[in-house]
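Each remark here refers to the structure printed beneath this line.
The values are calculated or read from the model by the stated rules, or taken from the named source; none is laboratory data. Because the structure is predicted, anything quoted here is derived from the model rather than measured. Positions of Cβ are generated from backbone atoms using ideal geometry, with glycine treated the same way; all protein chains shown enter the neighbour counts.
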Amino acid sequence: MLIPYARQDINEQDIQEVVAVLQSPWLTQGPAVQRFEQAVADYCGAKYAVAVNSATSALHIACLAAGLGPGDRMWTSPNTFVATANCGLYCGAEVDFVDIDPLTYNLSPAALEEKLARAAEKGQLPKVVIPVHFAGQSCAMDKIAALAKTYGFTLIEDASHAIGGSYLGEKIGSCAFSDMVVFSFHPVKIITSGEGGMVLTNNPELYQKLLRLRSHGITREPEFMTKEADGPWYYQQIELGYNYRMTDIQAALGYSQLQRIDEFIQRRHELVNRYNLLLQDYPVILPWQDPNGFSAFHLYVIRLQTDRIRKTHREVFETLREKGIMVNLHYIPVYTQPYYENLGFKPGLCPEAERYYQEAITLPLYAALTEEEQDQVVAALGEVLGVTAVVDSLKG
Ligand SMILES: *Cc1c(COP(=O)(O)O)cnc(C)c1O
């Protein structure tokens with residue numbers, strides 16, 4: 001029996017909501033998408049939400065709505081999925097990376113400040129910065145928002161891991177600190193719609209742009225048309241957009257999942273507290289929790305204290321997988337990917353992210369993980385690391 005690092009939790013209610021759409025006249029973007037958007041906006045305390053077919057699409061149209069294009073710069077964290085950086089390249093912009101904080105593994109505000117000061121001197125400031133709330137824990141958004149004000153860049157939060165979390169009392173997704181926030185509803189994330197993503201904003205102009213970009217750049221609203229309408233059948237394409245629409249089938253699943261989000265996150269926290277207790281004497285660094293925030297805990301990442309372990313990082317990883325514990329590694333520093341190396345990126349750009357990559361392992365964590373399964377993970381890790389598992393000593 002394999003224990004995955006993440007998986008969805010689908011119940012009978014979820015299935016019934018999807019079946020109801022299949023029996024309705026609408027399959028593609030329709031009333032269920034609108035209901036899902038409204039529910040997520042209300043849950044997060046944002047004014048507007050635009051559902052799309054993935055977080056990758058959401059990041060793409062958020063960058064386009066911010067006006068990112070050729071000749072512009074976009075900066076993000078190297079400790080993320082490649083999609084966060086790729087969206088800048090889709091727009092024809094130059095992408096660059098800001099090193100991570102060694103405690104949170106999030107984009108470091110200190111490193112950002114330093115890089116901005118240097119870029120300002122050369123007249124090479126970014127137009128867009130995308131901090132990523134790694135593992136579900138918010139970046140230091142108060143500090144990053146202050147830098148956005150000073151240096152005048154648009155701030156897009158990649159909150160693919162973080163729906164349901166909060167920072168300084170503000171729900172992630174409220175856009176209290178940024179222009180736009182992006183969520184992912186891929187099955188490994190906190191809630192799922194199969195595939196899906198969303199952009200939230202409080203800015204009505206960005207909202208209108210996002211609506212058009214997700215559907216071919218077309219508008220049916222006379223107030224946005226650039227010439228007079230020919231008749232009631234008329235629509236106008238006023239910019240170049242895409243077909244990034246979410247289906248009502250997906251939105252019904254997402255809406256149903258949203259009803260259980262707080263339950264999911266509470267369960268994740270219970271499991272995290274249990275991991276923290278069981279692993280306290282292991283030669284590993286446990287996740288640091290920022291007292292300013294509440295993490296959605298998408299991922300549980302440990303770092304091996306390699307000087308206290310006689311095995312290599314790779315050996316620990318491989319042995320766990322051989323034992324059916326399907327650990328993972330989040331993330332390979334994006335700029336070390338061959339595609340990015342071909343763009344000219346060299347190792348050494350972000351030393352903290354590279355050091356982290358040598359030591360990090362993602363252990364299984366999801367709402368449906370049982371305590372028995374978690375005990376298996378802890379015991380297997382104990383065996384690999386040559387320590388007596390606390391589970392055993394607890395059991396006497
Ligand atoms: C999953 C993920 C994405 C991409 O999400 P999709 O919905 O699969 O497109 C982007 N950024 C981060 C940080 C992610 O974890």
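In segment 297-336, the residue that is nearest to the ligand (Cβ to nearest atom) out of those that are part of a loop (DSSP other than H, G, I, E, B) and of a type in the set (D, E, K, R) is K323.
Within segment 64-73, none of the residues are within 14 Å of the ligand (Cβ to nearest atom) and either under 15 Å from Y207 (Cα atoms) or touching a helix residue (DSSP H, G or I) at 6+ places or on another chain (Cβ under 8 Å) (or both). Filtering P131, P126 for residues that are in contact with a Cys (Cβ under 7 Å, 6 or more places away or on another chain), without any contact (Cβ under 8 Å) to a residue 60 or more places away in the chain and either surrounded by 22 or more Cβ atoms within 10 Å (Cβ to Cβ) or under 15 Å from D99 (Cβ atoms) (or both) leaves a single hit, P131.
Provide a single number: the residues in segment 234-273 that are crowded, with 16+ Cβ neighbours inside 10 Å and within 13 Å of F297 (Cα to Cα).
7
Could you list, in sequence order, all residues of segment 55-91 that are in contact (Cβ under 8 Å) with a residue 24 or more places away in the chain and at positive phi? G67, the sole residue that qualifies.
The C-beta contact set for segment 338-361 (first residue surrounded by 13 or more Cβ atoms within 10 Å (Cβ to Cβ), second residue of a type in the set (K, R), distance under 8 angstrom, 6+ apart or interchain) comprises Y356/R303; E359/R303; A360/R303; I361/R303.
Taking A49, is it in contact with a helix residue (DSSP H, G or I) (Cβ under 8 Å, 6 or more places away or on another chain) and within 19 Å of E239 (Cα to Cα)?
No; evaluated as a whole, the condition is false for this residue.
In this entry, S160 passes the filter for residues that are at pLDDT 95 or above and closer than 25 Å to N53 by Cβ.
Is it the case that segment 183-196 has a residue that's more than 16 Å from the ligand (Cβ to nearest atom), at pLDDT 95 or above and not in a loop (DSSP other than H, G, I, E, B)? Among the residues of segment 183-196, not one is more than 16 Å from the ligand (Cβ to nearest atom), at pLDDT 95 or above and not in a loop (DSSP other than H, G, I, E, B), which makes the answer no. The residue that is farthest from the ligand (Cβ to nearest atom), counting only those in segment 75-128 that are polar (S, T, N, Q), within 24 Å of D290 (Cβ to Cβ) and in a loop (DSSP other than H, G, I, E, B), is S108.
Only one entry of G136, G169 meets the criterion of being small (G, A, S), at positive phi and within 15 Å of the ligand (Cβ to nearest atom), and that entry is G136. Each residue in segment 208-256 was checked for being aliphatic (A, V, I, L, M) and in a strand (DSSP E or B), and 1 pass.
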